[in-house]
Every structure is written in structure tokens, then in C-alpha cells.
Amino acid sequence: MVSSRGLGIALAIICLVAAPACSRRKKPDATPQPAPSVEQPAAPVTPPAPPRAAGPTRIDDKEPVPLAEDSIGDRSLDELNRNSPLRPAFFVLDSSDLDDAGRSVVTGNVEVLKKYPQWVVTIEGHCDERGTAEYNLALGERRAAAVKTYMVSLGIAPDRLRTVSYGKEFPFDQAHTEDGWSKNRRAHFVITAK
């Protein structure tokens with residue numbers, strides 16, 4: 001058993017050993033420190049849209065503005081796509097089958113491509129906003145592929161036709177109505193080389 005005197009000596013030794021360590025602590029500065037600056041979070045960066053050739057601004061299936069036959073081949077790709085001689089083909093909800101109206105539009109586009117055999121076209125498959133992103137990408141791909149298959153059956157070389165699906169990412173019409181959605185269910189034609 002340790003006596004109280006022995007306990008006191010032990011405490012004194014501990015204090016003597018610990019005292020120099022305590023005195024080496026940095027004393028707080030009397031000068032006030034500036035408050036740490038609070039950085040405002042950066043505004044979220046929106047990722048850029050995927051590269052895409054400029055398409056026409058027309059969203060209906062009316063006749064395109066006629067271009068002079070002798071000058072159409074001389075126009076730049078931007079000019080051709082801004083006032084495209086190629087019309088979009090539209091689809092019914094959840095379908096990649098070309099109906100009579102769609103086949104008629106595609107047949108007209110084939111006639112234009114036969115006049116300009118050097119043109120290469122990308123067929124973009126688009127959907128309305130309903131359904132998941134995955135579903136719409138797959139449906140857009142089927143729509144583009146159906147149009148390509150039909151064009152090849154009408155005599156266009158497959159190496160002149162590319163396909164891509166954008167699903168619901170690039171709607172022509174932002175309206176959340178059946179009329180708006182019907183304009184977004186389409187195969188869109190972009191002249192990518194001439």
C-alpha cells in the first residue's frame with residue numbers, strides 16, 4: 001500500500017515532468033484572426049449537348065421552301081440543313097413502324113437524295129418525353145433503323161446513311177401536350193456530307 005506521502009511525491013514528480021511540456025504550448029495570439037472566407041459554391045456546370053449537325057428549324061411536315069434546283073448543290077451544309085429539302089418522318093406513340101404518311105415523306109426524301117448522289121445523311125431517331133431515357137433511346141434507334149431500311153429498299157446505298165438516336169433529348173416542341181409530343185416522335189434528316 002502506498003502512503004499518502006509517497007502518493008504526494010509521485011504527484012510532484014509528474015507535475016515536474018509535465019510542467020515543461022505544458023509551458024511549450026503555443027499561447028493564443030491576442031490579435032484577432034480574420035474569419036475564414038466562405039466561398040460561394042460555383043454554379044452547376046451544365047454539360048454541353050452532344051455534337052450534332054445543325055438541323056432545320058422547321059418542325060412540321062409541310063412542303064419545304066423550294067430551293068432553286070440549280071443552286072441547291074452549291075449551298076453549304078449549314079444552309080442546306082437550315083432550309084432542308086429533306087422532311088422529317090413522324091411516328092405514332094410507341095412505334096417504329098412507318099405508316100403511309102411516313103413512307104410518303106421518306107420516298108420524297110429518297111428522290112432528293114437520288115438527285116444528289118454525293119450527299120451523306122444522318123437519320124436521327126427522336127421520341128417524345130414520356131418513357132424512360134433508356135426506352136426512348138432504344139425506340140429512337142429502331143425508328144432511325146426502320147427509315148434507313150426503307151430508304152435502302154428504295155435504292156439509296158447504305159454507306160450514304162448513318163443513324164443515331166437522341167431519344168427524348170432534343171425535342172422540336174417543348175409543349176407537354178399531344179400536339180407537342182407528336183412533333184417530337186420523328187426521324188429527322190441531317191445532311192452531314194456532300
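Readers should treat all values here as calculations from the given coordinates under stated rules, not as data from a laboratory. The structure presented is a predicted model; accordingly, all values stated were derived computationally and were not measured. In this analysis, Cβ positions are derived from the backbone assuming ideal geometry, glycine residues included, and neighbour counts consider all displayed protein chains.
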What list of ³J(HN,Hα) values in whole Hz, one per residue of region 123-140 in order, does the Karplus curve 6.51 cos²θ - 1.76 cosθ + 1.60 (θ = phi - 60°) give from phi, with Gly and Pro shown as x? 9, 9, x, 10, 9, 7, 6, 7, x, 6, 4, 5, 4, 5, 4, 5, 5, x
Mind computing the radius of gyration and Dmax over the alpha-carbon atoms of region 133-191? Å is fine for both. 12.7, 38
Listed pairs 114/168; 115/148; 114/194; 115/183; 148/194 exceeding 22 Å between Cα atoms: 114/168; 115/183
What relative contact order, as a whole-number percentage, does region 79-193 give when Cα pairs under 8 Å and 6 or more residues apart are counted? 38 percent
Spelling it out for residue 120: with amide H atoms placed in the peptide plane at 1.01 Å from N, the residues 5 or more places away or on another chain with amide H under 5 Å from its amide H are 192, 193, 194
Calculated FRET value between residue 176 and residue 100, using beta carbons and R₀ = 41 Å, to 0.05: 0.90
To the nearest 0.05, how large is the calculated FRET efficiency for residue 162 and residue 93 if R₀ is 25 Å and r is the Cβ-Cβ distance? 0.45
Karplus ³J(HN,Hα) for region 80-88 (6.51 cos²θ - 1.76 cosθ + 1.60, θ = phi - 60°; Hz, whole; x = Gly/Pro) runs 4, 6, 5, 10, 5, x, 9, 9, x
Exposure-ranked with fewest Cβ neighbours within 10 Å first, 97, 128, 179 stand as 179, 97, 128
How much length is gained on full extension from residue 79 to residue 153, taking 0.36 nm per residue of separation minus their Cα-Cα distance? 23.8 nm
